[in-house]
Amino acid sequence: MPGYVKNKEEVQRIEDFVAPSRFTCDEIGVYFKTTWEYAKSVLPPIFEPLGDEEAGTCDAYANVTQYESAYCGTFDGAIVSILCKYGDIEGYWMLTEIISPELPVAIGRELWGEVKKNGNGRIWRDGANVRATGDRRGIQVMEINADITGPDHGPHVVDSNGFDIKMFPHSNGRGLQYPPLLNIWDIKYEYTSYREGTATLEWGHSKWDPTDTIPIVSVDKAIDAQFAGYWPLGQQIELEDPDNVYAGYMWGRGFDDPTWMPIAHRFKGLDQLNPDPDRQTEQLNA
């Protein structure tokens, strides 16, 4: 029966349902190179860019995907990722993850530590040409125009890894609620179709999702693929963060800047309700 409190059996059913992260995907994507300097500036300090440091370039990937999942229904997404490594493990780190509708946004953030924001990814096909866009807050922030002319490489399996850092703001609004947790996903792509081609990649301008700050040095191959994806959690590692560095990566990617929102006249200039514990300590020691 539907209700506001689930019994133990219902909780177990839900946990069994959401634990295996599984999708079928229809994806148009494009590999591109950004600058090594930019990648270093947006990657957390535990990651190293993948690419050619001597040439000053880092590998990156933009994609628009239609998903049918085994845990939160159907949804669509537009994602921009920087390819990087943690130690010897190579994977990707998402800068922008625009997803619709609400449930996959909530599960992605709260269960996995992703940076999902509500928006749309759309794909249009016209023969060999595929156009895909990502938009949010009424603004188009990315567009891929691809000509997929290569042969179908047919069924094959690829193993990969992905990185998320699970972190949430503290309830008092200052710092993180708990130490950041690095999630490393052991990913398997089971392709039923995989074709390559050429593409253009363009950013739109939005202060909320600043894709246009990502330098595009060159655009490489495009892919048009249909596959099943599996994202089991391989490792979870607690990260040290004595200087509260990771809050910047959380607020910069996972949330819209609340200081840009409208504010009631009576509260203007009154930005503090919960005292800053560091300032309190400084005042007591003065």
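The values are calculated or read from the model by the stated rules, or taken from the named source; none is laboratory data. Being a predicted model, the structure only gives us computed values, none of them experimental. Note that each Cβ is placed from the backbone with ideal geometry, even for glycine, and that neighbours are counted across all protein chains shown. Areas reflect the complete protein model, heavy atoms only, side chains present, ligands, DNA and RNA absent. Shrake-Rupley method; radii C 1.70, N 1.55, O 1.52, S 1.80 Å.
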>> What are the ³J(HN,Hα) couplings of region 96-111, residue after residue, when phi is run through the Karplus curve with 6.51, -1.76, 1.60 and θ = phi - 60°? Round to Hz, x for glycine and proline.
In response: 10, 9, 9, 9, 9, x, 5, 4, x, 5, 5, 5, x, 6, 7, 8
>> 5 Å is the cut-off here: which amide hydrogens, built 1.01 Å from N in the peptide plane, fall below it relative to LEU50, excluding neighbours closer than 5 in sequence?
In response: ASP59, LEU83, CYS84, LYS85
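Show LYS166, LYS6, LYS116 ordered by accessible area, largest first, where the area counts protein heavy atoms only and the probe is 1.4 Å. If you can, show how the numbers build up before the last one.
Values: LYS166 35, LYS6 90, LYS116 5 Å².
The ranking, largest first, comes out as LYS6, LYS166, LYS116.
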> Residue by residue, what Karplus-based ³J(HN,Hα) values in Hz, rounded to whole numbers, does region 195-207 have, using 6.51, -1.76 and 1.60 with θ = phi - 60° and x for Gly and Pro?
Replying inline: 10, 10, x, 10, 7, 10, 10, 10, 9, x, 9, 8, 5
> Got a sec? Charge dipole of region 133-286, +1 on Cβ for Lys and Arg, -1 for Asp and Glu; which of VAL217, TRP260, SER160 is way out at the positive end?
Replying inline: TRP260
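So for ARG136, ARG13, what's the accessible-area order with a 1.4 Å probe, most first? Present the calculation step by step, with values, prior to reporting the outcome.
Details: ARG136 20, ARG13 140 Å².
Solvent-accessible surface, decreasing: ARG13, ARG136.
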> Which one, [x] 27, 27, 17; [y] 47, 27, 14; [z] 33, 24, 20, gives semi-axes √(5λ) of the Cα gyration tensor in Å as derived from the coordinates shown?
Replying inline: [z]
>> How big is the dipole moment of the chain about its Cα centre under a simple scheme where the beta carbon of each Lys and Arg is +1, that of each Asp and Glu is -1, and everything else is neutral? Debye, nearest 20, please.
In response: 1000 debye
> When the Karplus curve 6.51 cos²θ - 1.76 cosθ + 1.60 is applied with θ = phi - 60°, which whole-Hz ³J(HN,Hα) does each residue of region 240-257 get, with x for Gly and Pro?
Replying inline: 7, 8, x, 9, 6, 6, 5, 4, x, 6, 5, 5, x, 10, x, 9, 5, 5
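Give me the percent of accessible area attributable to carbon and sulfur for region 1-41, probe 1.4 angstrom. It would help to have the intermediate numbers written out before the result.
Working: 1690 of 2850 Å².
Reported share for carbon and sulfur atoms: 59 percent.
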> When the accessible area of region 156-195 is computed with all protein chains present and a 1.4 Å probe, what percentage of it is carbon and sulfur?
Replying inline: 50 percent
> Heavy-atom accessible area of LEU233 with all protein chains present, probe 1.4 Å, nearest 10 Å²?
Replying inline: 90 Å²
>> Using protein chains only and a probe of 1.4 angstrom, how many square angstrom of CYS72 are accessible, to the nearest 10?
In response: 10 Å²
>> Rolling a 1.4 angstrom probe over the protein chains, ignoring ligands and nucleic acids, what is the accessible area of TRP124 in square angstrom, nearest 10?
In response: 110 Å²
> Non-local amide H neighbours of GLU114 (under 5 Å, H modeled in plane, Pro and chain starts lacking H): which ones?
Replying inline: ARG109
>> Accessible area per residue for the chain in Å², computed with a 1.4 Å probe and the full protein assembly in place, what is it?
In response: 54 Å²
> Taking Cα pairs under 8 Å and at least six residues apart, what relative contact order does the chain come out at, in percent?
Replying inline: 19 percent
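Given a cut-off of 32 Å, name the pairs among LYS6/LYS207; LYS116/LYS188; LYS6/LYS85; LYS6/LYS117; LYS85/LYS207; LYS40/LYS268 whose C-alpha atoms lie farther apart than that in the structure shown. Display every interim value, and only then the final one.
Numbers: LYS6/LYS207 40 Å; LYS116/LYS188 21 Å; LYS6/LYS85 40 Å; LYS6/LYS117 27 Å; LYS85/LYS207 28 Å; LYS40/LYS268 36 Å.
Those over the limit are LYS6/LYS207; LYS6/LYS85; LYS40/LYS268.
Please work out the ratio of the alpha-carbon Rg of region 111-190 to 2.2 N^0.38 Å and round it to two decimals. Numbers along the way, then the final one.
Details: Rg = 18.5 Å, N = 80, 2.2 N^0.38 = 11.6 Å.
Output field value: 1.59.
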>> 5 Å is the cut-off here: which amide hydrogens, built 1.01 Å from N in the peptide plane, fall below it relative to SER21, excluding neighbours closer than 5 in sequence?
In response: TRP231
>> If I fit a long axis through the Cα atoms of helix 8-18 and take the longest principal axis of the Cα atoms of the chain, what angle between them do I get, 0 to 90°, rounded to 10?
In response: 50 degrees
> Placing +1 at every Lys and Arg Cβ and -1 at every Asp and Glu Cβ, with all other atoms neutral, what dipole size does region 166-225 have around its Cα centre, in debye to the nearest 20?
Replying inline: 360 debye
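Given the rule -39500 (n - 2.57) for each run of at least 4 DSSP H residues, summed and divided by the residues of the chain, what is its mean residue ellipticity at 222 nm, to the nearest 500 deg cm²/dmol?
Values: 5 runs with 41 residues, N = 286.
That comes out to -4000 deg cm²/dmol.
Determine the dipole magnitude for region 1-131: charges of +1 sit on the beta-carbon of Lys and Arg, -1 on that of Asp and Glu, nothing else is charged, the reference point is the Cα centre, and the result goes in debye to the nearest 20.
Numbers: 13 positive and 21 negative charges, 96 e Å.
The calculated dipole for region 1-131 is roughly 460 debye.
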